[in-house]
1. Looking at the range A:98-144, which of its residues are of a type in the set (Lys, Arg) and without any contact (Cβ under 8 Å) to a residue 40 or more places away in the chain?
2. Is one or more of the residues making up the range A:112-122 among the acidic types (Asp, Glu), more than 7 Å from every other protein chain (Cβ to nearest Cβ) and within 15 Å of A:Leu189 (Cα to Cα)?
3. Which residue is least open to solvent (accessible area, probe 1.4 Å), if the candidates are limited to the range A:105-149 and must be of a type in the set (Lys, Arg) and under 15 Å from the mean Cα position of the chain (by Cα)?
4. Filter the range A:159-218 for residues that are part of a strand (DSSP E or B), modelled with pLDDT under 85 and over 20 Å from A:Met68 (Cβ atoms) and give the result.
5. Just wondering, is there one or more residues in the range A:276-285 that are open to solvent by 30 Å² or more (accessible area, probe 1.4 Å), of a type in the set (Ser, Thr, Tyr) and away from chain B (no Cβ under 14 Å)?
6. Kindly list, by first and then second residue, each pair from a residue in the range B:12-32 that is of a type in the set (S, T, N, Q) to a residue that is open to solvent by 20 Å² or more (accessible area, probe 1.4 Å), limited to pairs with Cβ atoms under 6 Å and residues at least 6 apart or on different chains.
7. Considering only residues that are outside any helix (DSSP H, G or I) and more than 9 Å from every other protein chain (Cβ to nearest Cβ), look in the range A:90-111 and name the one that is nearest to A:Asn148 (Cα to Cα).
8. For the condition assigned to a helix (DSSP H, G or I) and within 30 Å of A:Gly218 (Cβ to Cβ), what is the one hit in A:Met32, A:Met39, A:Met26?
Amino acid sequence: MASGKEIRTQIKSIKNTQKITSAMEMVAASKMRRAQEYMRATRPYASKIRNVIGHLAHAHPEYKHTFMIVREVRRAGFIIISSDRGLCGGLNANEFRATIGKMKELDDQGIDIDVCTIGKKATRMFKRLKGNLRAEISGLGDRPRLENIIGVVKVMLDAYENGEIDQLYLVYNEFVNTMTQAPQIEQMLPIKADDSEKEIKHYWDYIYEPDSKTVLDGLMMRFIESQVYQGMVENIACEMAARMIAMKSATDNAGEIIDGLELVYNKARQAAITQEISEIVSGAAAV
Amino acid sequence: MVMTTHVDIVSAEEEIFSGSVEMIFAPAEMGEVGIAPRHTQMITRLKPGEVRLQTGGEEQSFYVSGGILEVQPHVVTVLADTAIRARDLDEAQAIKAKEKAEQALKDKASDLDYTRAQIELAEAAAQIRTIEKLRKMKK
């Protein structure tokens, strides 16, 4: 049995760890709340831009942007959003598992894959797997700006426009609620046309300034960027929620271990006292 | 009654303004435009500048660093950019992202081995499951 002092040191060190994990839990909880607010704040833009594109498709049915044309798929691109830091349970692992599953499915169909990563964890993962990494960005913090991701998105969009990739997927974690985060794989390009063909009641078109192509190009690019940005913000909320849960269970586990060790410690102390008494008694008896 | 039109100014990061106004001025790419209610449908790109909203003699202004203006007869939407956009600036960002990727995998060689990756991840998941089971057994 370990000596009393050894156990006491162990208890102390676990208590210190417990303090850290419970602090991290609280930090994650407050960051999660903020991330949820950001998530809500980004929604109006996404819905507005979707509206405008809907109007455009309605007003201008004969014009098709490159992003809307379905091609035969020979190569697919993935934009994978992950966290920068770990200690958030199985969040990233689950996401990567879903991604790899999808990639394997495509690979079996003879489709090659290019990857673009946002966040250190994804970069490390796909670097280790020797994937064809086209672009990466990480270390964007808890409040990323849209301008941070323009570059990576552009790399993929250019590749799509040049015909290097024929499909583009976005992978991120969806924030269902605090307890549940679900990996999402969304096809971004080609943009799936709204199948709900409404009757065209009256034909109208916009006045384009300077011309329809430049306006559309700008609009499409922003649309994709806003989707990626939203995915990123959502992923941050997921990261914080997952970390909060992971740290909560770590704190609970530390508590359990401490209880166990305290029991052992008390037993050891009791045994030492009993032994001492019996030694004294037997010593007295011998005299 | 004064005619008004509904205006939404949104950026990718947040909602900036939403409400009814009498007149909107925006810095369109071809020159500043003034939009009154029931303006015909129009869509244009914006230059960096001021978007001004007039309501009953009062004026509010917002700075946008570019974006897109969509006009419908009763709704005007300003999709504002949060960053200054220019072709070469975007290009520079793209190049940076590419370089980072190249740096990250100097040793890229064969294609991704999906089966191996799947096995590795499955192992990790199995480990987590086992740990959870052990924990339950202890209880």
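1. A:Lys104, A:Lys120, A:Lys121, A:Arg124, A:Lys127, A:Arg128, A:Lys130
2. The answer is yes; a qualifying residue exists.
3. Initially, the range A:105-149 is screened for residues of a type in the set (Lys, Arg), giving A:120-121, A:124, A:127-128, A:130, A:134, A:143, A:145.
Next, only the ones that are under 15 Å from the mean Cα position of the chain (by Cα) stay: A:120-121, A:124, A:143.
Values: A:Lys120: 90, A:Lys121: 60, A:Arg124: 133, A:Arg143: 84 Å².
It comes out as A:Lys121.
4. Selection gives A:Ile207, A:Glu209.
5. Yes, there is a match, as at least one residue in the range A:276-285 is open to solvent by 30 Å² or more (accessible area, probe 1.4 Å), of a type in the set (Ser, Thr, Tyr) and away from chain B (no Cβ under 14 Å).
6. Partner pairs satisfying both residue conditions: B:Ser20/B:Thr4; B:Ser20/B:His6.
7. A:Ile111
8. Only one candidate passes the filter, namely A:Met39.
The values are calculated or read from the model by the stated rules, or taken from the named source; none is laboratory data. Being a predicted model, the structure only gives us computed values, none of them experimental. Every residue, glycine among them, receives a Cβ derived from its backbone with ideal geometry; neighbour counts consider all protein chains shown. We work out accessible area using only protein heavy atoms, side chains counted, and drop any ligands, DNA or RNA first. Shrake-Rupley method; radii C 1.70, N 1.55, O 1.52, S 1.80 Å.
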